[in-house]
2 protein chains.
Amino acid sequence: MKRRPAAVVAVGEDSHAVLRPLAGGEAEIASGFWAERQRLNRDVSIPHGFEQLERAGNFENLRLAAGTGTGAYSGLPLPFLDSDVYKWLEAASWELGRAHSPELEAQADQAIALVAAAQAEDGYLDSYYQVLKPDARYVELPMGHELYCAGHLVQAAVAHARVTGRSDLLAIATRVVDDIDRALGPTGRPGVCGHPEIEMALVELYRLTGEERHLTLARCFLDRRGHGLLGPGTYGPVYYQDDRPVREATTVTGHAVRALYLASGVVDAYLETGERALLDASVTQWEDMVAARTYLTGGVGSRHRDESFGDPYELPPDRGYCETCAAIASVMWSWRLLLATGEARYADLMERTLYNGFLSGVGLDGRSFFYVNPLQLRADHQQPWNNRGSAARAGWYKCACCPPNVMRLLASPEQYVATTSAAGVQLHQYATGRVRTAFGELDVATDYPWSGRVEVTVAETGTASEEWSLSLRVPSWCRGASLAVAGQERRDLEPGAYAVVTRSWSAGDRVVLELPVAARLTEPHPRLDAVRGSLAIERGPLVYCLEQADMPAGVELAEVALVADGELREGFEPDLLGGVVIVRAEGVGTTPREWGGWPYRDARDAGPARRGEPVTLVAIPYYAWANRAPGPMRVWIPGAAAASP
Amino acid sequence: MKRRPAAVVAVGEDSHAVLRPLAGGEAEIASGFWAERQRLNRDVSIPHGFEQLERAGNFENLRLAAGTGTGAYSGLPLPFLDSDVYKWLEAASWELGRAHSPELEAQADQAIALVAAAQAEDGYLDSYYQVLKPDARYVELPMGHELYCAGHLVQAAVAHARVTGRSDLLAIATRVVDDIDRALGPTGRPGVCGHPEIEMALVELYRLTGEERHLTLARCFLDRRGHGLLGPGTYGPVYYQDDRPVREATTVTGHAVRALYLASGVVDAYLETGERALLDASVTQWEDMVAARTYLTGGVGSRHRDESFGDPYELPPDRGYCETCAAIASVMWSWRLLLATGEARYADLMERTLYNGFLSGVGLDGRSFFYVNPLQLRADHQQPWNNRGSAARAGWYKCACCPPNVMRLLASPEQYVATTSAAGVQLHQYATGRVRTAFGELDVATDYPWSGRVEVTVAETGTASEEWSLSLRVPSWCRGASLAVAGQERRDLEPGAYAVVTRSWSAGDRVVLELPVAARLTEPHPRLDAVRGSLAIERGPLVYCLEQADMPAGVELAEVALVADGELREGFEPDLLGGVVIVRAEGVGTTPREWGGWPYRDARDAGPARRGEPVTLVAIPYYAWANRAPGPMRVWIPGAAAASP
C-alpha cells in the first residue's frame, strides 16, 4: 500500500490536486461549534445508529445472507439497506481514529463480522440479491443498487483500514470489487449502476492500494455512463444521469444525490488522471448549480418528484426537497473541486451547506433526522406518508440513507478545515483546534460562527521551509474583513478569496482575522419567483429563520412582514437551542382579514398599502429549527409594504 | 325505468335538489365559443380517441379478456385502461344524442361489442384481472381500480341508455354492478375501492333504474370510507381519503381526482337521500378548497407528489399539478352543489374552471392534451419522463385518464348552461343557443366570453305558469353589470349572485344583460407566497397569460415586469389562436445583469429600484397557451418596482 493521508479524499503528492488534504490527526477540532456536534455524533448518534440498524433489520438481512438469520428480509421493496451498515461503519471508523472506544470498536467489529459472514465465496456481497434473487446478480443494474452498496462498503473499508491499520474490512471490500470487476469491468458485460457512488469509492480505493485496476474500473463506469446503457426504466435516463456522457454534461439534472455522487467521482478521476475534460465539465455543472439551482441554505434538489433538480430558478421554499444526502453530496463534490482548483468559492459553498442545509438534517438531540430540508413550513402541513417532508425529524427512515450519511460527515469535519500546498497552509473553515503540517503547527482559536474573530498562532515551526504562505479564506458573504499580523493590519479584504500572509514564521507568531458577522438582510434574484418581495436574515455563515414558537401569542407567522430598513439586534442566548445568537428584527402584521373565501381580488379593490401593528420578529439559526414544538417556519420573510404617508 | 332527463346529473322532481337540470335536447348551444369546441371534439377528438384506444391496446385488452385477443396485455403496470374505453363511450353517447352519425354509432357499437364479449358469465368485467389475475377479483381494492372502472362503465351506460333508448350497454353495466353488490355489497365483504368514482355512478344508475339497491350500494361505499379499510398502502390513507369518514372531512386532501370524485358522490347521495350531514361536510370542504387550495385558473391539486392537494396557500405556479381530470372533477362537484343549493358561487367556480384550468387541457388541434396544467413554464424546462408536466401537449398518455375525460365533458357542456326550479329558469353559463323548459323557450344570443352582452329572448311561452322568474348569473368577477328588460334598466348588479327578473312573459320579450368584461389586474392573497408581488391579467371569465412567442425579439419573458397602473388595451385577433381577444399591457425590463454566479445578495448592495426599458406585453387567454412553439409562459407577472424619482 502507498502511504496516503487518512483523509476523506486522500490525494497524494503525485495527484493533480492543487491543494492536499491533511491526514488523520493532522487536523483537530478541539472545542466550539463543530466539536460539540462531533461529540454528540459520537456519544449519541452513532450508538443510536447501531441500535437502529438492528431494529430496522439491516443486520438481520446480512445474517440472512450468511445463512444464520431467522427473520424475514427487511426494508422491502428497497434493495439497498446494506449501504446504511457501510455508512455507519465509515462513521465509526473515523471516530475510532479520533479516540479509542472499546464499545464502539466492539460494535464496529460486530458489524464487520456480519459483513464478512455474509460475503459469498466468490466475493459477491449484497444481501438483497443473495437472499431474494440469487440468480439476478448484476442484472437489475438500473435500480438494484448493488454497485452503490459496494461503493459505500469500499468507502467504509478505506476509512477503516487507514484509521485502524487493519485489513479485514478492506479485504472484504477488495474481493467485492474483484467480483464486480470480473462481471462488469473492462472485459466484462458493459453495465453501469443506476445509482452512482462506486466511482469515487474506486478512486479512493486506488489511492489506498495503488492498484491501477481500481482506477481503471472507476473510469470504465464513468465512461460508460450517459450512453443509455441503463435504459429508460421507470424514471427516464435523466433521473440517473444516463442521458449525456459525463464530459458533455453542462447542468445538474435528475436525482440530486445521484447527480452529485457522480460529479464527485468525475472530479476524483480528474485528480488522479489529470484529464482536463473531466474537470472542465464538472466546473461548468457546478457553476450552473450554484447560479440557479441552489437554495440560500446550500440545499439542492428542488423537486419531491424523483428527488430531483428542477428548472433554473425553480427554488420553492416550501416544497424544496433539499435532501440531507444531497447536501452531503454537495459538500463532497465541492471539496474535490477545492482540492482540484484551490478556489475559495468551493470552500464558500461548503461552509454555507455545512452550517445550514446539511446541519438542519440532524436534531439537537442527536437522534432525530430530517430527510427533507425545506425553507418554509406552513400551518396545517400535510405530512407525506413516507415521512419525507414531515414537520418533525424522525429517529430513522424506512429509506434510511440520510441518518448514517449525517453520521459519517459529522465524524470527519476536521478533514475539511485545512489543506497544504507547496506554498504553505490554507485554512478553509474556522474552528478552534490545531493544524499540524510540515510548515508548522498552528493553533486556531475562534468562537466562529458566533464571533468572526479568528486567531491563528504558530505553535511550532516546521521543517519544510523558512518562508511560507498562510492563506485564510474570507467568506464571500463578508464585508469589511481585516487581518492583523506582526503589528500590521490589512483592511477590507476581498470577499470570496484567500487573504495570503507570506513570511518567515516563528513560534508564537499570531495572525488575527476579523470577519464581521453582523446580521444582514439578503434579497433574492428577480428570477427567483417563489420568494419575490421577501428577505432573509443571515449572520456570518448562518442562515436564519422565523419559527412560530418565537411569535407573540396570537400572532401567526404567516401574517407578519419584515421592515427592510429596520434595526437588527443580536444577542447570544446560552439556554436557547443549545446556545445560539438570535437576531431580533422589526416586523409588522400584514394580512388584512377582508379577503373572504377567494384568495384573489381585483387590484383596484386593494386600496393603499397599509402597515399592520409592529411586532418584534425573533430569528434563530435555520439549522436549529424544529427542535421545539412542531410549527410553521420560514427563512424568506415578506418585505413590508412601504408605509402610507 | 323512471323517466328522468338525459342530463349529467339527472335528478328528478322527488330529489332534494333546489335546481333541476335540463334534459338532453332541452338545452342547445348553437354557435360561439363552446359550440366551436363541441364541434372540434366531435369531429376530431372523439375519432382521435377511438384510434388511440386501438393503438394503446385498450381494445385489445378487452379482446384478451374475451379470449379473442392475440397480443400482450397493454398499459402495465396500470390496471385501469378499461376506464378510458368507458369515458370515450360516454363522450360518444352524448354526441349521438346531439346528432346522428353513422360512423360514430358504428364505432360506439364496436366498442360496446368488445365490452360485451369481455364480460364474464357471472357478470364480472375488468380485463386486467380477467387476463392477468383471475384469482384476485376484488382483492387488490386499494390500487386495483376495479370499482373505478365499473363506475365509468356505469356512467357511460347511463348516458348511452338515456340518449339512445337502448339497453345493451346498460345491461352489461347492471350485471357488473350486481356482481360487485354480491361481492362487496351490504351483505358481502366490507371493501371499498381505492379510487372513488363508482359512488356517483351508482347514484346516477339509481336515478335511471329507480332501484333502491343501487343507491344503497353507493351509500354503503360512502359509509365504509374513512375507517382504514384500505390499509396504508404505498401512499397512506390520506391519499385515497380513507383517513376520515366522509361526514367528518373538513378539507380536501390527498389525490385530487380521488378527493373530488368522492365529494361528487357525497353530494349525489345527499341529492337523493336528503341527509344533511353529507351536504354540510361537502360545502365545508368546498369552501376550504376555494379559499386556499385553488389556482386562479380553477385548477386544483398543487403537488406532483401523489397528484395531491397541498397545504393551505401552497399554490406554486410552476409546479402546480392541476391535473386536467381534477379540473373536470371540480366541475362535476360544483355542478352537484349548485343543484343542491342554488348558490351562484358554484356556477362561478365552474365557469372559471371550464374556461381556464379545464380548457387548457386540450389543444386547439383537438388531438393534443395536457395532463398537467401549470401557471408558469420556465426556459430550460426539465420534462418529466412520464410526460406529465411537459411543455407541450401530447396525443395520448400511458396513463390516459385525461384525454377521454376531456372528450366526455366537451360532449356535454350544454347540460351545465341552465336549470329550472319551481320559480322559473336559471341561466348559469352564457352561450348562444336555445333553452326549452316548461316555462317557455328562451333564445340566448351572446358573443361571450369575448363580449359580455347577453340577450335572452322569449321565443315561446310555456305552459307552466303565467308569472315566473328568469335568473341570470352575474359572475363574481363582474363589476358594474346591468340588465335591461321592458324598457327598464337595473344597474350595478351584485356580483356573485343571480339577477332575478320576475314577471309574466310574452313571446318576444327580451332581457339584455351587460357584463363588463374589460381587462383587469388581479392580485393574490398575502399568504399566497409563491406569487407575491405579482399580478395576473383577467378579462371576463378568462385568465390571461404571457408567452415567449409574443415577446419582442431578444426580450426574455423572465425579464419583464408589469406596470401596475399602466393602460390595458384590448383587441380581437381573428387569426390568432382560433380567434382571441388579446390584452396589451405596459411592461418594463427587470433583471439587472450584475448578479454573477449566486442568486442572492446583500440587500444593502441593491441600490435604488430601477426600471428597465419599456416593453409592450401581449397577453393571450391561458387556455390557448402552448399552441405555438413550446416556450416559457406565465400567468402571474411580477409587478414593476416603483419608478425612481
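The values are calculated or read from the model by the stated rules, or taken from the named source; none is laboratory data. Keep in mind that what you see is a predicted model, and the values were worked out from it rather than measured. Glycine gets a Cβ as well: all are built from the backbone with ideal geometry, and neighbour counts include every protein chain shown. Just so you know, the surface numbers come from the protein's heavy atoms only, side chains and all, with ligands and any DNA or RNA stripped out. Shrake-Rupley method; radii C 1.70, N 1.55, O 1.52, S 1.80 Å.
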field: Length released on extending from B:Asp365 to B:Ala136, taking residue separation times 0.36 nm less the Cα-Cα span
entry: 78.3 nm
Top positive-direction residue, dipole computed over the protein assembly as shown with Cβ charges, set A:Ala99, A:Ser282, B:Pro574: B:Pro574
field: Spin-label pair A:Ala30/B:Ala30, simplified geometry with 7 Å Cα→Cβ offset, distance in nm
entry: 9.5 nm
query: Based on the alpha-carbon gyration tensor of the stretch A:499-645 and its eigenvalue square roots a ≥ b ≥ c, which shape applies: rounded if a/c is under 1.5, prolate if not and a/b is larger than b/c, or oblate?
result: prolate
task: Could you tell me what % of all Cα pairs in chain A have separations over 38 Å?
output: 33 percent
Using θ = phi - 60° and Karplus 6.51 cos²θ - 1.76 cosθ + 1.60, couplings along the stretch A:315-330 (whole Hz; Gly, Pro as x): 9, x, x, 7, 9, x, 7, 6, 4, 4, 4, 5, 4, 5, 4, 4
- prompt: For A:His100 and A:Asp443 in one chain, what is 0.36 nm times their gap in residues minus the Cα-Cα distance, to one decimal in nm?
  reply: 121.1 nm
- prompt: Using 1/(1 + (r/R0)^6) with R0 = 22 angstrom and r between the beta carbons of A:Ala603 and B:Arg569, what's the FRET efficiency to the nearest 0.05?
  reply: 0.80
message: Quick check: the distance between the Cα centres of the stretch A:1-63 and the stretch A:177-213, to the nearest angstrom?
response: 22 Å
query: Non-local amide H neighbours of B:Ala497 (under 5 Å, H modeled in plane, Pro and chain starts lacking H): which ones?
result: B:Val474
- prompt: Between chain A and chain B, with a rotation axis joining them, whose C-beta in A is nearest that axis, and what is the whole-Å distance?
  reply: A:Gly533, 2
task: In nm to one decimal, list the spacings between the A:Arg453 label point and its equivalents in the other copies, with label points set 7 Å along Cα to Cβ, shortest first.
output: 8.1
message: Accessible area per residue for chain B in Å², computed with a 1.4 Å probe and the full protein assembly in place, what is it?
response: 33 Å²
A:Thr250-B:Gln488 FRET efficiency (beta carbon distance; Förster radius 56 Å; 0.05 resolution): 0.20
- prompt: Based on DSSP H runs of at least 4 residues, each adding -39500 (n - 2.57), what is the mean residue ellipticity at 222 nm of the protein assembly as shown after dividing by all its residues, to the nearest 500 deg cm²/dmol?
  reply: -10000 deg cm²/dmol
Using a 7 Å Cα-to-Cβ projection, A:Glu570 label spacings across copies, nm, ascending: 5.5
message: Students often check this: by mean Cβ neighbours within 10 Å, which of B:248-257, B:310-319 ranks highest, and how do the rest follow?
response: B:310-319, B:248-257
message: Given an 8 Å cut-off on Cα distances and at least 6 residues of separation, report the relative contact order of the stretch A:251-369 as a percent.
response: 27 percent
query: Could you give the nm distance between label points at A:Arg611 and A:Glu121, where each point is 7 Å from its Cα heading toward the beta carbon?
result: 8.1 nm
task: Compute for chains A and B the buried accessible surface, both sides summed, probe 1.4 Å, and express it in Å² to the nearest 100.
output: 5900 Å²
query: At a 1.4 Å probe, which residues in the stretch B:514-540 are at least 30 Å² less accessible with all protein chains present than in their chain isolated?
result: B:Arg520, B:Leu521, B:Glu523, B:His525, B:Pro526, B:Arg527, B:Asp529, B:Ala530, B:Arg532
query: Considering only DSSP beta bridges whose two residues both sit in chain B, what percent are antiparallel, to the nearest 5?
result: 95 percent
- request: Enumerate the amide H contacts of A:Leu377 below 5 Å, restricted to partners 5 or more residues apart or on another chain; note that Pro and chain-start residues carry no placed amide H.
  value: A:Met633, A:Arg634
message: What is the sum of charges, Lys and Arg at +1 and Asp and Glu at -1, for the other residues whose Cβ falls under 11 Å from the Cβ of A:Gly228?
response: +1
query: Over chain B, what is the mean sequence separation of C-alpha contacts under 8 Å (at least six apart), divided by residue count, expressed as relative contact order in percent?
result: 13 percent
query: Using a 1.4 Å probe on protein heavy atoms, which residues of the stretch A:315-331 have at least 20 Å² less accessible area in the complex than alone?
result: A:Arg319
query: Roughly how many percent of the accessible protein surface of the stretch B:438-580 is carbon and sulfur, given a 1.4 Å probe and a whole-percent answer?
result: 44 percent
- request: State the percentage of accessible surface on the stretch B:162-281 attributable to carbon and sulfur atoms; use a 1.4 Å probe and exclude ligands, DNA and RNA.
  value: 52 percent
field: Nearest-first distances (nm) between copies at B:Thr234, label 7 Å from Cα via Cβ
entry: 0.5
- prompt: Which whole-number percent is the relative contact order of the stretch A:162-293 (Cα, under 8 Å, 6+ apart)?
  reply: 23 percent
FRET efficiency, B:Ala113 to B:Ala72 (Cβ-Cβ, R0 25 Å, nearest 0.05): 0.70
field: Mean Cβ neighbour count within 10 Å, used as a protection proxy, ranking A:342-354, B:36-48 highest first
entry: A:342-354, B:36-48
- prompt: Can you list the equivalent-ellipsoid semi-axes of the stretch B:205-359, largest first and in whole Å, using the square root of 5 times each Cα gyration tensor eigenvalue?
  reply: 24, 20, 13
- prompt: Taking a label point 7 Å from the Cα of A:Ser506 along the Cα→Cβ vector, which residues of the stretch A:482-498 have an amide N closer than 14 Å to it?
  reply: A:486-487
